[in-house]
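Just so it is clear, none of the values below were taken in a lab; they were calculated from the coordinates. Please read these numbers as outputs of a predicted model, since none were measured by experiment. Every residue, glycine as well, gets a Cβ built from its backbone with ideal geometry; the counts of neighbours run over all protein chains shown.
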Amino acid sequence: MKYLKYIFMALTVAFVATSCDKRDPDFNAEHVSSDKAEVQVFLMTPIQNVSANYVHAVILNDDVHANNGSALLNPYNGAPGGTTGAYWTVPAGNTRVRLQRATPRTERILDWQKPVLDDGTENWKDTTYYDYETIYDKVVTGLEGGKKYFVFVYDFDKAPMAIDQLEPPTQTSTNTAEYAAVRFINFMWENPTTPYAGKVQLRMQDATTKEYINTCDPIGFGEATEWFMPSVIKTSFNSGGSQRRDLDVAVVNEAGEVGERMLYTNSKGNKVGFTDYWTLYIGRGYVWILYGTRDVTVQPVAIRQWTLR
């Protein structure tokens, strides 16, 4: 009877455990039909990039994407991540987007595989589960089947913004100067409650003259440029080829004239002109996302590079 007691307890614990919200990762791949859209979700709200602001589950309609309590989407980043070319699929039309944060809790349960130790004592173990809280629940509209989208959550009180990814262009050459493809998107805030009101101009430094040259059209908050193709000069002939490209962002006045380098408050509290650099590889397709808040030291302006190809 003693062992029947433990078998019954083990089966009960196993049932309870399977009822709890563990949310193990699921990496199923599927062929995408023409009546579905592919999406990558980004979090661009003006919040600090700390663990308390991490998102642990992204729910698209009724499809839950989570990784058993681990962070899935951090501020100023996108998901699904970890590899190039990963997407979530949703039906064409409108999609409900929910973001959730997880809080761990520990429960002491009887080990169902070995409920009794060799010395006859009960084998209790601490097990971690997660309680999920919804922090965002809005609907993104206008998704077309057969297309790929960036879905930006940029304000917890507003619907997400969908931007058609468009296909990165390709260009080949037999010369040492080859090309990458880049697209620029602006989600920079002026302060924690107000998006930057003006337009900005992305510029890249000419490797020879060291001047910063306009690369694309100026854009405002929530806008994206078309694809453009900066050159990538190989330093080693027998290689895939890569090059560091320095860049800055300039302000654009109401007349559409490109002015001085944009100022922002850095992490030390100083007003400085914005510059950055990224390494480009020949044939790759990149998205540069301008993010952060111009006057907040803990949310400084920066550019996120996201690889599409």
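Beyond 25 Å between alpha-carbons counts as too far, so tell me which of K36/K138; K147/K234; K138/K268; K234/K271; K210/K271 fall in that bin. List each step's numbers first, then the result.
On the way: K36/K138 19 Å; K147/K234 33 Å; K138/K268 36 Å; K234/K271 35 Å; K210/K271 23 Å.
Pairs exceeding the cut-off: K147/K234; K138/K268; K234/K271.
If packing is taken as the mean number of other Cβ atoms within 10 Å per residue, what is the order of 117-125, 155-163, highest first?
Numbers: 117-125: 9.9, 155-163: 15.4.
In decreasing order of mean packing, 117-125, 155-163 become 155-163, 117-125.
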Within a Gaussian network of the chain (alpha carbon springs, distance under 10 Å), most fluctuating of V50, V251, V139 = V50
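Per-residue ellipticity at 222 nm for the chain, helices alone: DSSP H runs ≥ 4 residues times -39500 (n - 2.57), over residue total, nearest 500 deg cm²/dmol? Please list the in-between numbers first.
On the way: 1 runs with 18 residues, N = 309.
It lands at -2000 deg cm²/dmol.
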GNM on the chain, Cα springs under 10 Å; top mean-square fluctuation among A224, A255, A86 goes to A255
Cross-link partners among aspartates and glutamates for K148, C-alpha distance below 17 Å, same-chain residues fewer than 8 apart left out?
-> E30, D35, E38, D164, E167, E223, E226
Can you tell which of Y149, L290, P115 lies farthest toward the positive end of the dipole of the chain, using +1 and -1 charges on the Cβ of basic and acidic side chains (Lys, Arg; Asp, Glu)?
-> P115
Based on Cα positions only, what radius of gyration and what Dmax would you give for the chain, in angstroms?
-> 24.4, 88
Percent of Cα-Cα distances greater than 23 Å, calculated over segment 167-307 = 36 percent
